[in-house]
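Here is the structure we will look at, set down as C-alpha cells.
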Amino acid sequence: MISYQTEGVKMPAIKRREITAWIKKVAASYNKKVGEIAYIFCDDEKILEVNREYLQHDYYTDIITFDYCEDNIISGDLFISLDTVRTNSELVAESYERELLRVIIHGVLHLCGINDKGEGEREIMEQEENKALAIFEEQK
C-alpha cells in the first residue's frame, strides 16, 4: 500500500491513483513488489529536522528515504520537502510538477537498489529517473 501524507504543508496536486500505478510499474521493472510506502510531504524545516535527528546531516535536501525493504518487497518512509523541490525546479528550469515526479520516483529507485552517492552512481540514477518518467508519460 502506498500512502500520501503531509506535515506542515498543503497536499500537492498529484493524481494519487496514477502515481501509485506508476510506482508499481517501475518497481516491477526491477522485479520488486510494493509493500508499505509512505510519502510524507513537508517543508524545509521538517526535512532539516529529520536529516539532523536520524542521519546527523545538517543540510536541506529534497528527499530522505528510509528503507524497510525485505527480499523483493520494497517498503519505506519517504520525506519530501516541497520547498526544496520548488527551488530545484527553478534551478534546473523544469516544471514543479515534473520535478516533484522525479523526486517521488527517486525514492522508489533507492528502495529498488539504485544509489547515487558513489563514483558514477549519480549518472545511473539520472538515467533510471528518466526511464521511469518515460513510463509515467506512456501511461497517461
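Hey, can you tell me all the residues within segment 65-82 that are surrounded by fewer than 22 Cβ atoms within 10 Å (Cβ to Cβ) and either touching a residue at least 60 places away in the same chain (Cβ under 8 Å) or not acidic (Asp, Glu) (or both)? If the condition is that a residue be surrounded by fewer than 22 Cβ atoms within 10 Å (Cβ to Cβ) and either touching a residue at least 60 places away in the same chain (Cβ under 8 Å) or not acidic (Asp, Glu) (or both), then THR65, PHE66, TYR68, CYS69, ASN72, ILE73, SER75, GLY76 are the ones that fit.
Taking first residues from segment 111-134 that are farther than 19 Å from VAL92 by Cα and partners that are part of a helix (DSSP H, G or I) and among the aliphatic types (A, V, I, L, M), the Cβ contacts under 7 Å between residues at least 6 apart in sequence or on separate chains come to CYS112/ALA27; ILE114/ILE124; ILE114/MET125. If you scan segment 17-34, which residues turn out to be in contact (Cβ under 8 Å) with a residue 40 or more places away in the chain, in contact with a strand residue (DSSP E or B) (Cβ under 7 Å, 6 or more places away or on another chain) and not in a loop (DSSP other than H, G, I, E, B)? Scanning segment 17-34 gives ILE23, ALA27, LYS33, VAL34.
Do we have GLU90 as closer than 16 Å to TYR60 by Cβ, loosely packed, with under 15 Cβ neighbours inside 10 Å, at pLDDT 95 or above and charged (D, E, K, R) here? For GLU90, the condition - closer than 16 Å to TYR60 by Cβ, loosely packed, with under 15 Cβ neighbours inside 10 Å, at pLDDT 95 or above and charged (D, E, K, R) - is met. Look at segment 5-16: where a residue is hydrophobic (A, V, I, L, M, F, W, C) and a partner is in a loop (DSSP other than H, G, I, E, B) and modelled with pLDDT of 95 or more, sitting 6+ places away or on another chain with Cβ atoms under 6 Å, you get VAL9/ASP43. Picking from residues in segment 45-64 that are of a type in the set (Asp, Glu) and surrounded by fewer than 18 Cβ atoms within 10 Å (Cβ to Cβ), the one that is farthest from ARG102 (Cα to Cα) is GLU53.
The values are calculated or read from the model by the stated rules, or taken from the named source; none is laboratory data. Treat the numbers as computed from the prediction; the structure is a model and nothing was measured. Cβ sites come from the backbone with ideal geometry, for glycine too, and all protein chains shown count toward neighbours.
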